[in-house]
Amino acid sequence: MAFPGTGKIWMNGKLVEWKDATIHIASHVVHYGSSVFEGARCYATPKGSACFRLDAHMRRLQMSGKIYRMEYPLDLAGWRDAVLETIRANEMKSCYIRPLLYRGYDSLGVNPLACPVDAAIMLWDWGAYLGKEALAEGCDVQIASWSRIAPNTLPAMAKSAANYANSALIKMEAIGDGYSEAIALDVYGNVSEGSGQNVFVVRDGVLYTPSLGSSILAGITRDCIMTLARDLGYTVNETVVPREALYIADEVFFVGTAAEVTPVRSIDKMKVGNGRRGPVTEALQRAFFDVINGDVPDTHGWLTYVYADEAPLRKERPAVGASRS
Ligand SMILES: Cc1ncc(COP(=O)(O)O)c(C=O)c1O
């Protein structure tokens, strides 16, 4: 279904109607994939709408821009205010947040430096990325035949549109083969990540996740899950994860802003554990959703409230672990 459009888009500091938020076909980004972007979420919590890890996302946007030599005259506080202003202008209670920096209209050719760095922030409603049922039931995935981008080709730590050409190949192959997602390996054959999520493996009560050297995006949800797991007393190892560790894992799960915390129940048609969401995944899902639902104190300072004077909202999201098992 085409985008229904959700009101106003922030473009270089101006709020523009959705239908008018266009760029020229000769913009550099259209031809050469020269953009970096973010994906964050705003949740409706009982204390009001709150963006999750907003500063971490906007900092990563700045870092991605730095890698690609894209300078933009907003500091972290400026980005934070621009996002909050856009949510308020659209009067949204919860939404997916997509800020981006892109090379605009000046001249064409591989060299982007002459082209302006433009920025936009758009919002839309985005539910459970891999399907609502997948949060409780888990998803079936395959190992992608495509490798993730090799070190020193495209920088995996930059969340750049160009990287998503690789993600799209992984995703299209998975869908064509009847899966909802895939796990890609790095060029050395070790586990990297999904097309748009990081991966965790659980074995004998210990968590493992590929380290930054395995061509992954340094996911903000990954960081949260490592923190919450350690809070719960689990050992977490960021390390090289061989492919076969997936097949003998007790539990495997995806994490990401879009996917949140989604169990993987089979890989290459082999059951993961007993083929159901496992206890560690469930405990971490519960801990994660408790934070974003506002059910526990925000001890890590991960929530940025949007509306200063908002009356407490009705709780809209169920606690996934509790109600869907
Ligand atoms: C390739 C890739 N890996 C991992 C992630 C998870 O990152 P985050 O938790 O910051 O959303 C994403 C989502 O943006 C992604 O696109």
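Let me spell out the model: positive unit charges on the Cβ of Lys and Arg, negative unit charges on the Cβ of Asp and Glu, origin at the Cα centre of the chain. What dipole size does that give, in debye rounded to 20?
Details: 33 positive and 36 negative charges, 22 e Å.
Approximately 100 debye in magnitude.
Could you check which residue among G78, G65, G138 shows the biggest mean-square fluctuation in a GNM of the chain with a 10 Å Cα cutoff? In the Gaussian network model the winner is G78. Its Cα gyration tensor gives the stretch 167-220 an equivalent ellipsoid. The semi-axes, each the square root of 5 times an eigenvalue, are 21, 13, 10 Å from largest down. Couplings 3J(HN,Hα) of the stretch 191-199, computed from phi: 5, 10, 6, x, 5, x, 8, 8, 10 Hz, in residue order, whole Hz [Karplus 6.51 cos²θ - 1.76 cosθ + 1.60, θ = phi - 60°; x for Gly and Pro]. Within a straight-line Cα-Cα reach of under 16 Å, K66 can be paired with the following lysines, leaving aside sequence neighbours fewer than 8 residues apart in one chain: K159. Start at zero, step by 5 Å, and the Cα-Cα distances of the stretch 241-309 spread as 3, 15, 20, 19, 15, 9, 9, 6, 2, 2, 0 percent across the bins. Which residue fluctuates most in the GNM of the chain (Cα springs below 10 Å): E260, E181, E91? Greatest mean-square fluctuation among the candidates belongs to E91. Would you report the distance distribution of C-alpha pairs in the chain as whole percents per 10 angstrom bin, up to the bin with the largest distance? Histogram of Cα-Cα distances, whole percents per bin: 6, 25, 34, 25, 9, 1. Maximal additional length on extending the L108-R69 stretch stands at 12.3 nm, based on 0.36 nm per residue less the C-alpha distance. The spacing between the stretch 112-169 and the stretch 1-77, judged by their C-alpha centroids, is 15 Å.
Note on the stretch 37-144: percent of Cα-Cα distances in each 5 Å bin, starting at 0 and stopping at the bin with the largest distance, equals 2, 11, 18, 17, 15, 13, 11, 8, 3, 1, 0. In order along the stretch 46-63, the Karplus-derived 3J(HN,Hα) couplings, from 6.51 cos²θ - 1.76 cosθ + 1.60 at θ = phi - 60°, round to x, 8, x, 5, 9, 7, 9, 6, 4, 5, 4, 5, 6, 5, 5, 4, 4, 5 Hz, and Gly and Pro are given as x.
The phi torsions of the stretch 142-148, fed into the Karplus equation with coefficients 6.51, -1.76 and 1.60 and a -60° offset, translate into couplings of 10, 7, 5, 7, 7, 7, 5 Hz, rounded to whole numbers, with Gly and Pro shown as x. Amide hydrogen proximity for E251: with H placed 1.01 Å from N in the peptide plane, the residues at 5 or more positions away or on another chain lying under 5 Å are V202. Between amide H atoms placed 1.01 Å from N, distances below 5 Å from I183 occur with Q142, I143, A144, all of them 5 or more places distant or on a separate chain. Springs between Cα atoms under 10 Å define the GNM used for the chain, and in it the highest mean-square fluctuation of D250, D140, D125 occurs at D125.
Could you work out the relative contact order of the stretch 42-116? I mean the mean sequence separation of Cα pairs under 8 Å and 6+ apart, divided by the number of residues, in percent. Could the numbers behind the result be given before it?
Numbers: 48 pairs, mean separation 24.5, N = 75.
Over the stretch 42-116, the number comes to 33 percent.
We did not get these values from a lab; they are worked out from the coordinates using the rules stated. Bear in mind that the values here come from a model prediction, so they are computed numbers and not experimental data. Cβ atoms come from the backbone with ideal geometry, glycine included; neighbour counts cover every protein chain shown.
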